[in-house]
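Worksheet for the structure shown next.
Any read-out appearing in this document is the output of simple, stated calculations on the displayed coordinates, not a laboratory observation. Model, not experiment: these values are computed from the prediction. Ideal geometry is used to build each Cβ from the backbone, glycine not excepted, and the neighbour counts take in all protein chains shown.
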Amino acid sequence: MSTTRAASGRRTLWMLLAGVLAVAGITGFLARGAVADPVLPPLTPSELLTKVATAKVDALSATFEQRSDLGLPALPTGSLPDGDAVQSALAMLTGDHTARVWLDGPDRAKVALVDGATETAVIRNGDQLWTWSSEKQRAGHATISPGEKPAPSATPVSPSEAVQRFLDAIGPSTDIATSGTGYVAGRAVYQLVLSPTDDASLVGQVRLSVDAETFVPLGLRVIADDGSDAVSVAATSVEYTRPDASIFAFTPPPGAEVTELTAPERPAGTPTAGQEKKPTVVGSGWTAVAVTTVAGAPDKATSTVLESLPEVSGSWGRGRLVSTTLLTVVITDDGRVAAGAVTPDRVYAALAKR
């Protein structure tokens, strides 16, 4: 999307925050009712993981409730301009939110974040890709070329695909166990517990709830290493029926600002002006740290946020620190941003290598 360099830098910070949280497994949440747990055929952790990895659902309509409590430090968000990406990131990392998901085959998908009367959405309808903010009355548009496979970050994904990416990322650095059964959104589920083997991870446990019939993940709870519930998102309703085609049809309303989206991924050697380099990942699994360089100097609003953060320094240089129960981010004075679900020392070590 056409932006200034400063806006591009703010977008990168949000993408890093979102990316690390995604690796931490933020896709759902365990919800247990007062009724007795269902009796289901026993499955080993390996068998359950295999079923999740191979789950295929052609159609889905679901609503998820997200709750976040990362212990973020107080930041002067009121000073940020309307629509600023940093403000949007902070909003998603705190409080309660509702997300709705619709899927219809491989080429139709919509994910909408609904807060009150406002909606922020990403929509794919065949070769048409749209982003939309009803509050800002802003839309982004791209046409997907025949045979083109959009970047994973550019299009909505199913709960199964999101969790599969997460499982691929954590690799062998995980202890896996089952933990009985339960209910999510009125459906019987198996419970799977994933625990990092590296003490440097800020994640203590991820508790995944898997639909006992379709093996689609319906819930997951991310527990920090201090025992607190950091992030949870619960399916409150789910239907495996084909959504109406009108769900995926989108036309910007009169007066809306429309911007053509740039390609989410470009071949090597063809950088776009103002576009950031692909982040470098230091380490792997639960303790991976993403490091990237942000082009351009921050604008006044972003500088206000940075100046409110604790100052840190080391052999890697100087910068500002965001430290939460689940995430550590360092923004250096020379334009690097490093983020991971790890202790600050691990982030500093990653910066020293980059």
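May I ask you to order 113-123, 290-300, 327-337 by the average number of other C-beta atoms within 10 Å around their residues, highest value first? Walk me through the intermediate numbers first.
Details: 113-123: 15.3, 290-300: 17.3, 327-337: 20.1.
The densest-packed peptide leads the list: 327-337, 290-300, 113-123.
Going by average Cβ density within 10 Å per residue, which order do the peptides 126-134, 281-289 take, highest to lowest? List each step's numbers first, then the result.
Values: 126-134: 17.2, 281-289: 20.4.
Most protected by this proxy first, the peptides run 281-289, 126-134.
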Vicinal HN-Hα couplings computed from phi for region 316-330 (Karplus, 6.51 cos²θ - 1.76 cosθ + 1.60; Hz; Gly/Pro x): 7, x, 10, x, 10, 10, 10, 10, 10, 5, 10, 8, 10, 10, 10
What list of ³J(HN,Hα) values in whole Hz, one per residue of region 221-234 in order, does the Karplus curve 6.51 cos²θ - 1.76 cosθ + 1.60 (θ = phi - 60°) give from phi, with Gly and Pro shown as x? 10, 9, 9, 6, 5, 8, x, 7, 6, 7, 9, 9, 9, 10
For region 118-125, what does the Karplus curve 6.51 cos²θ - 1.76 cosθ + 1.60, with θ = phi - 60°, yield as ³J(HN,Hα) per residue in whole Hz, taken in order and with x for Gly and Pro? 9, 9, 10, 9, 10, 10, 10, 9
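A 31 angstrom limit on the alpha carbon distance is what I want to check against. Which of 56/136; 110/353; 278/300; 136/278 exceed it? Before the final figure, lay out each step's value.
Numbers: 56/136 36 Å; 110/353 39 Å; 278/300 25 Å; 136/278 28 Å.
Over 31 Å Cα-Cα: 56/136; 110/353.
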